[in-house]
Each structure stands twice: as structure tokens, then as C-alpha cells.
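Single-structure report; data block below.
The values are calculated or read from the model by the stated rules, or taken from the named source; none is laboratory data. No experiment lies behind these values; they were computed from the predicted model shown. Backbone-built Cβ (ideal geometry, glycine too); neighbour counts: all protein chains shown. Protein only, heavy atoms only, side chains kept; ligands, DNA and RNA dropped before computing areas. Shrake-Rupley method; radii C 1.70, N 1.55, O 1.52, S 1.80 Å.
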Amino acid sequence: MTAAALRIGLRSRRVLPGFGLTMGTTLTYVALVVLLPLAALLLKSAEIGPDGFLRLVTGERALAAFQVTLTAAAFATAFNAAYGLLMAWVLVRYEFAGKRILDALMDIPFALPTAVAGVALTALYAANGWFGQLFEMAGLKIVYTVTGVALAMAFTSAPFVVRTVQPVLESLQPDIEEASATLGAYPGVIFRRVIYPVIFPAHLTGCALAFARSLGEFGAVIFIAGNLPFKTEIVSLLVFIRLEEYDYAAASAIAVVLLATAFAVLLATNALQALAQRHARKG
Amino acid sequence: MAIAIKGIEKRFADAPVLRGIDLTIADGELVALLGASGSGKTTLLRILAGLEWPQAGSVTVDGRDWLALEAQRRRVGFVFQHYALFQHMSVRDNVAFGLTVRPRASRPPKGEIRARVEALLDLVEIGHLANRFPAQLSGGQRQRVALARALAIEPKVLLLDEPFGALDARIRKDLRRWLRELHDRLGMTTIFVTHDQDEAFELADRVVIMSDGRIEQAGTPDEIYDHPASPFVARFLGGVNELPAELAAGRLVVPGADAGAVTPPAGTDGTATLFVRPHEIDLVADSRAPARIRNMLTSGPSIRYDVDLPGLATPVEVELPREAARLRNLRRGDAVRLRLLRGRVFSAHGAPLPPAAPSPERHRILEAAL
């Protein structure tokens with residue numbers, strides 16, 4: 001399809017010139033910055049052969065790291081699914097003082113260096129920190145536990161859900177809600193049957209992006225996690241440790257699994273989305 | 001359902017949108033709310049649907065206070081201007097929505113819902129599109145889905161906001177006739193909003209002309225056309241000449257024209273304005289007359305003349321049937337006398353005078369002309 005599009009692009013006249021230049025630059029960039037490193041990673045891990053690969057990624061420590069990472073990412077995503085939706089709803093639906101400031105604040109987790117976020121969260125939730133003290137009294141330990149890992153992941157990935165849901169909520173026409181009301185539907189039913197199905201694809205995308213980001217989050221997590229092998233060690237840290245030990249094979253093997261997981265999540269999301277949006281197809 | 005609207009006032013922020021609306025609508029009536037944008041017609045419709053609440057006034061439907069009921073409990077079928085279809089639902093699910101959202105106790109069984117949806121889709125003649133999604137339909141088809149969806153709850157009142165506004169002229173005409181038939185068949189009270197005069201006059205039993213938050217006139221299309229209640233209505237209907245006139249001792253004097261055929265209204269003497277439509281004027285060649293034919297245009301069955309009358313900035317428009325025009329044999333630049341066959345007189349202060357009645361002479365002239 002790309003080849004066909006290219007041929008058409010070269011032959012037909014367009015209003016804006018520069019198809020060849022822009023497309024070429026884009027492809028070069030994608031090849032150099034995205035595909036080449038990924039290919040190198042795959043090649044490196046291929047060197048060790050399937051048996052070695054399997055042994056490396058199913059090692060006890062690696063498995064434990066995968067479990068910690070996936071569990072924490074799942075909790076972080078579940079939290080953001082709810083919180084991000086709520087935040088987007090509030091930002092779109094209501095007018096209040098300071099709305100624009102709140103809107104701008106949503107991007108802080110993206111703008112902030114993740115290490116800074118990690119240090120701040122650790123300071124706040126440590127046993128002697130402002131929030132940590134309160135949780136401590138309730139018998140909850142956050143820093144150096146999987147909960148802390150999930151907290152850091154939730155912090156850094158929150159904007160994904162807010163920012164993907166927000167524009168779709170904004171584009172909802174108020175008349176479909178009014179139509180529902182005249183047809184006898186009350187607010188709960190209107191949300192469930194009219195509003196949510198429309199924002200569902202965007203919500204799903206936001207959650208998938210948040211999950212993928214959480215899988216790979218490094219900077220914010222390592223400060224709060226404590227990084228105890230088998231307990232709170234995340235996958236990306238394990239990759240880092242293997243690199244430090246010059247064990248490139250192990251590092252790339254584990255990295256490939258992480259990459260495949262993130263890729264699978266995004267792929268599954270796209271498939272679900274296509275299913276959910278089949279109504280938009282013309283014909 | 002008989003609807004009684006009394007003293008409705010509505011302001012958005014500080015801008016008044018409705019300034020005291022009184023209107024009664026009989027059971028089974030088809031009423032058009034006609035007005036320019038900003039006249040408050042859509043707001044009135046939304047108040048009836050329970051989508052807006054007025055600051056003052058009352059709406060009583062069959063003796064029940066409707067303002068105490070929320071939209072969900074009024075059982076009003078509302079067709080939105082842009083249809084407001086649920087894009088993620090098939091046509092069938094859209095139409096079934098009003099039934100499937102009912103609480104379990106009052107919800108019809110699945111089979112019955114299905115049968116009722118089928119019947120409705122057949123009624124609006126789109127049974128074959130049941131499994132499509134709104135994005136796959138044409139404008140006219142979406143309109144029908146919106147109507148079927150509104151009818152599914154068996155509304156006692158059907159409200160339509162600019163029902164044909166977004167459609168091509170050709171489809172619009174067909175749908176108009178079809179909607180009229182549907183209304184007659186189902187026998188509910190129907191109110192629709194439009195800015196299209198033809199649409200209102202052709203479709204409605206009664207037309208309510210609104211302007212600036214008030215009702216200017218409410219009546220049958222004939223009543224409004226023949227007896228506009230105010231200069232505003234006469235002007236709003238369009239295609240009308242405004243001639244300065246003088247009322248003196250029970251006689252109507254229009255400078256440069258022969259108003260003998262217009263029965264002068266009973267009223268105070270003084271300056272007045274005569275509203276006369278192009279086809280209510282006849283032309284007689286008269287070399288001593290001050291009026292001159294500036295221009296002639298053929299529009300198929302009739303001929304339109306622009307006649308310059310001394311003292312008037314814009315030419316008077318006159319329309320003669322083709323046959324009558326041939327008999328008159330008038331050319332550009334000819335001196336003519338205007339014979340006014342009929343007209344409506346309003347005194348200069350804007351207070352409407354009793355409208356002039358059609359004179360027997362007019363019929364004689366028209367018969368002769370034809």
C-alpha cells in the first residue's frame with residue numbers, strides 16, 4: 001500500500017509540493033531512530049539462539065521482574081483509566097475558576113524529568129514523608145513496595161488517558177444527550193449507553209499507551225522501588241543491571257520480551273478499536 | 001394533547017429570548033413556529049420538550065403542569081435539526097433506544113421491541129437499512145431514522161426543529177408531503193420550527209409567526225396571508241410593495257395610483273402605508289400618468305414589471321399573468337396607471353387598521369384579464 005501511495009504521490013499534482021522530500025525525510029528518520037536500534041536489539045538477542053534466549057528470559061530473577069513490572073503497570077493503568085477519565089470529564093464538562101491552570105497541570109508528568117518525579121514521590125511517601133506518615137499509621141507501606149512502583153508508574157503515565165479522552169469528549173454534540181433524555185434515558189443510562197461507547201476507543205488507546213509507558217518507566221520508578229531483586233526490581237532496571245555487567249545477551253533478550261509485550265498490547269488495542277469503530281466506516 | 005402556553009418568559013444571561021408567549025394548541029393540530037433566527041422559536045420548542053426552563057409562565061398539557069415534569073417523563077418525540085443520531089448504534093438500535101432504556105418493569109419484551117422497531121422502520125420506509133450505521137446514510141435517510149426513533153416512544157406530542165433545514169430542495173418537498181400524511185395518520189399534536197415560509201404555509205394547519213421573542217401573529221396560512229396583523233408580518237411574508245397613502249374622509253388616496261378598488265378601512269384619517277402584492281396590481285396604459293415602466297421580466301407563467309412611481313425610491317413590482325400582459329401590450333418606458341385591486345392598510349403609527357376587504361371589482365378585473 002505504501003508503494004502504491006508513493007507512486008500516486010509522485011505522479012499526481014498536489015496543491016502542496018514536497019511530497020518526495022517530506023516522505024523521504026520521514027522514512028529516513030524512522031529507519032535511523034526507530035527501526036535500526038530495534039533491529040540491532042533483535043539481532044543481538046538472536047545471536048544467543050532460542051535455547052539461550054529462553055533460559056535467559058525465564059531465569060528466576062527475570063521472571064520475578066516481569067511479574068513486578070506487569071502487576072504494577074496493570075494497577076497503574078487501572079487507576080489511570082478511572083482517574084484520567086474523571087479528569088478529562090471535569091476539564092471538558094464544567095466551567096470553573098482555574099480550569100486552564102488545571103488543564104496545564106495535566107502535562108506536568110510529561111514535562112518533568114522522571115528522575116525528579118521519582119525523588120519527589122519518594123520524599124512524599126517515605127515513612128517520614130508528608131503522605132507516607134499517614135499511610136504508615138494506616139499500616140500501609142508504599143515506598144520500596146510494588147505499590148510504590150505502581151504509584152510512580154501511575155504518575156508518569158496519567159496524561160496519556162486524559163489527553164486522548166479529552167478531545168473526543170469535547171467533540172461530543174450536546175444534542176445526542178438531549179435526544180437521549182427526551183427518549184426517557186436518565187443520566188446514568190445516557191453515560192453508559194450513549195457517551196461511553198463514543199469515548200471508549202479513545203479511552204482504550206489512552207490506557208494502552210499508559211500501560212506501554214508504565215512497562216518501560218525507569219527514572220521515576222527506581223527511586224521509589226528500592227530495587228530489591230525478586231521483590232521490587234522492575235524489568236528495565238534488570239536490563240540496565242545486565243548492561244552494567246557487560247552481559248549484552250541477557251540485556252537484549254529481556255529487552256526484546258519487554259518490547260514484544262508493549263507491542264502486543266498496542267496491537268491488541270488497535271484491533272479492539274477497529275472493532276469498536278466499525279460504525280464509522282462508510283459504504 | 002391540547003397544549004396551553006401562558007406568559008412564557010426566558011432570558012439567557014441577561015438577554016431576553018422570549019418576552020411573554022401565549023399560545024394554545026389543539027389536540028392533533030399541526031403547528032409551525034415561523035421566524036428568523038434569533039426570534040426565539042427554537043427556545044420555545046425546547047421549553048416544550050423539557051430541555052430548557054423558562055423564568056416565568058406556564059405550560060399546561062391536558063391539564064397537567066408540564067414545567068414540573070422533566071424531559072424524560074414528558075413523552076415528547078423530539079427531532080433535532082442535525083438529527084442527533086447515535087453514531088455507534090445501528091439504525092435498528094437507534095430506533096429501539098427509547099424502548100430499551102425503560103426500566104425493566106415497563107420495558108416491553110425483546111420480541112415486541114423488535115417487532116415495533118420493524119414496524120416503525122417500515123412506516124418511515126427504511127426497513128432495508130435496519131443494520132446500517134448513521135454514517136452510512138444520506139441526509140434524508142437520517143431524517144427518517146430520527147423520526148422513527150422519536151415515534152418509538154409513542155409520543156403524545158411530536159416536536160421538530162428545522163426538520164428539513166439540512167436537506168436538498170427536492171428531497172425537502174417530498175418529505176414535507178410525507179410528514180403531513182404521517183401526522184394525519186398518527187393523529188398526534190405536532191409542532192415544528194422553521195424559517196422557511198413555504199414550508200410553514202404548505203405543511204401547517206396553523207402558523208405562528210415569531211419575532212424578537214414575541215408572537216406577531218398566529219393563524220391559518222390563509223388568515224395570515226390575507227390579513228397580516230402588522231406591517232412586520234406583511235413585510236416578513238415578503239414580495240410586497242409598500243406604498244405611502246393618505247386616509248382622508250374615509251377615502252384612501254395613493255399618489256400616482258388608482259386605489260378606488262381598495263375598500264378603505266374604517267379608521268382615523270392621516271398618513272398610512274398600503275401593502276400590496278405584485279399580483280394585486282393591474283397596469284393600464286395612460287399617457288398622462290406619471291408612472292413609467294422601467295423594466296420587464298418574463299418568469300414563465302407571468303410577466304413582472306418594475307414601475308417607477310414619482311416620489312418612490314424603489315420601483316413598484318407588478319406581476320401580470322401572461323395572457324393579461326399580452327392584452328395590455330406594454331413596453332419599456334410606457335406611461336401607465338397603477339390600479340390597485342387589493343391591499344392592506346396600516347396607519348403610520350404602526351397601529352394596524354382593519355384590513356381592507358377584497359372588492360368585487362378585483363374579481364371582475366381578474367376574470368377579464370384571464
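Taking residue A:75 as the residue in question, decide whether it is modelled with pLDDT of 90 or more, open to solvent by 90 Å² or more (accessible area, probe 1.4 Å) and either part of a loop (DSSP other than H, G, I, E, B) or within 30 Å of residue A:166 (Cα to Cα) (or both).
Values: modelled with pLDDT of 90 or more: yes; open to solvent by 90 Å² or more (accessible area, probe 1.4 Å): yes; either part of a loop (DSSP other than H, G, I, E, B) or within 30 Å of residue A:166 (Cα to Cα) (or both): yes.
In short, yes.
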The condition of being surrounded by fewer than 18 Cβ atoms within 10 Å (Cβ to Cβ), more than 27 Å from the chain's Cα centre (by Cα) and modelled with pLDDT under 90 holds, among B:269, B:306, only for B:269
Touching a Pro at 6+ places or on another chain (Cβ under 9 Å), assigned to a loop (DSSP other than H, G, I, E, B) and open to solvent by 20 Å² or more (accessible area, probe 1.4 Å): is that true of residue B:244 in this structure? no
Can you pull out every residue in region B:253-272 that is assigned to a strand (DSSP E or B) and farther than 27 Å from residue B:325 by Cα? B:270, B:271, B:272
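Based on this model, can you work out whether residue A:211 counts as among the aromatic types (Phe, Trp, Tyr), open to solvent by 60 Å² or more (accessible area, probe 1.4 Å) and either in a helix (DSSP H, G or I) or within 14 Å of chain B (Cβ to nearest Cβ) (or both)?
Values: among the aromatic types (Phe, Trp, Tyr): yes; open to solvent by 60 Å² or more (accessible area, probe 1.4 Å): no; either in a helix (DSSP H, G or I) or within 14 Å of chain B (Cβ to nearest Cβ) (or both): yes.
Answer is no for this residue.
So which strands (runs of 3 or more DSSP E) stay within region B:133-237 end to end and still have 1 or more residues that are within 30 Å of residue B:274 (Cβ to Cβ)?
Details: elements: B:157-161, B:189-194, B:206-211, B:214-219.
Of the strands (runs of 3 or more DSSP E) lying wholly inside region B:133-237, those with at least 1 residues that are within 30 Å of residue B:274 (Cβ to Cβ) span B:189-194, B:206-211, B:214-219.
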Identify the residue in region B:216-230 that is modelled with pLDDT of 90 or more and closer than 25 Å to residue B:15 by Cβ and, among all such residues, is least open to solvent (accessible area, probe 1.4 Å). B:217
Being of a type in the set (Asp, Glu), farther than 30 Å from residue B:74 by Cβ and crowded, with 17+ Cβ neighbours inside 10 Å narrows it down to one residue among A:178, A:217; which is it? A:217
Taking region A:80-101 as the search range and keeping residues that are open to solvent by 50 Å² or more (accessible area, probe 1.4 Å) and free of Cβ contacts under 8 Å to residues at least 60 places away in the same chain, which one is nearest to residue A:163 (Cα to Cα)? A:86
Region B:75-103 residues that are at positive phi, paired with ones that are of a type outside the set (Val, Ile, Thr) and open to solvent by less than 20 Å² (accessible area, probe 1.4 Å) (beta carbon under 6 Å, 6 or more apart): B:75/B:155; B:83/B:146; B:84/A:179
Run residue B:283 past the list (1) open to solvent by 60 Å² or more (accessible area, probe 1.4 Å); (2) within 17 Å of residue B:328 (Cα to Cα) and report the number of the one that doesn't hold. (1)
Unique residue being outside any helix (DSSP H, G or I), of a type outside the set (A, V, I, L, M) and open to solvent by 40 Å² or more (accessible area, probe 1.4 Å) when the list is A:200, A:230, A:223: A:230
Please specify each residue of region B:61-81 satisfying the condition of being more than 21 Å from residue B:143 (Cα to Cα) and either facing another protein chain (nearest Cβ under 9 Å) or at pLDDT 95 or above (or both). B:70, B:71, B:72, B:73, B:74
What's the number of the only condition in (1) in contact (Cβ under 8 Å) with a residue 12 or more places away in the chain; (2) more than 21 Å from the chain's Cα centre (by Cα) that residue B:237 fails to meet? (2)
Would you call residue A:167 in contact (Cβ under 8 Å) with a residue 12 or more places away in the chain, out of contact with any Pro (no Cβ under 9 Å at 6 or more places or on another chain), within 14 Å of another protein chain (Cβ to nearest Cβ) and part of a helix (DSSP H, G or I)? no
From the list B:126, B:153, B:113, pick out the single residue that is open to solvent by less than 10 Å² (accessible area, probe 1.4 Å), touching a helix residue (DSSP H, G or I) at 6+ places or on another chain (Cβ under 7 Å) and farther than 22 Å from residue B:177 by Cβ. B:153
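Of the residues B:49, B:13, B:56, B:96, which single one is within 30 Å of residue B:130 (Cα to Cα) and out of contact with any Ser or Thr (no Cβ under 9 Å at 6 or more places or on another chain)? Talk me through it step by step, then tell me what you get.
Values: B:49 fails: out of contact with any Ser or Thr (no Cβ under 9 Å at 6 or more places or on another chain); B:13 fails: within 30 Å of residue B:130 (Cα to Cα); B:56 fails: within 30 Å of residue B:130 (Cα to Cα).
The conditions single out B:96.
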Within region B:205-215, is even one residue within 17 Å of residue B:41 (Cβ to Cβ), more than 11 Å from the chain's Cα centre (by Cα) and open to solvent by 60 Å² or more (accessible area, probe 1.4 Å)? yes
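For region B:1-92, which fully contained strands (runs of 3 or more DSSP E) count at least 2 residues that are small (Gly, Ala, Ser) and surrounded by fewer than 20 Cβ atoms within 10 Å (Cβ to Cβ)? Write out each step before concluding.
Numbers: elements: B:3-12, B:15-25, B:30-35, B:56-61, B:76-79.
The qualifying strands (runs of 3 or more DSSP E) are B:3-12, B:15-25, B:56-61.
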Restricting the search to region A:148-168, which residues are open to solvent by 20 Å² or more (accessible area, probe 1.4 Å) and touching a Phe, Trp or Tyr at 6+ places or on another chain (Cβ under 8 Å)? A:151
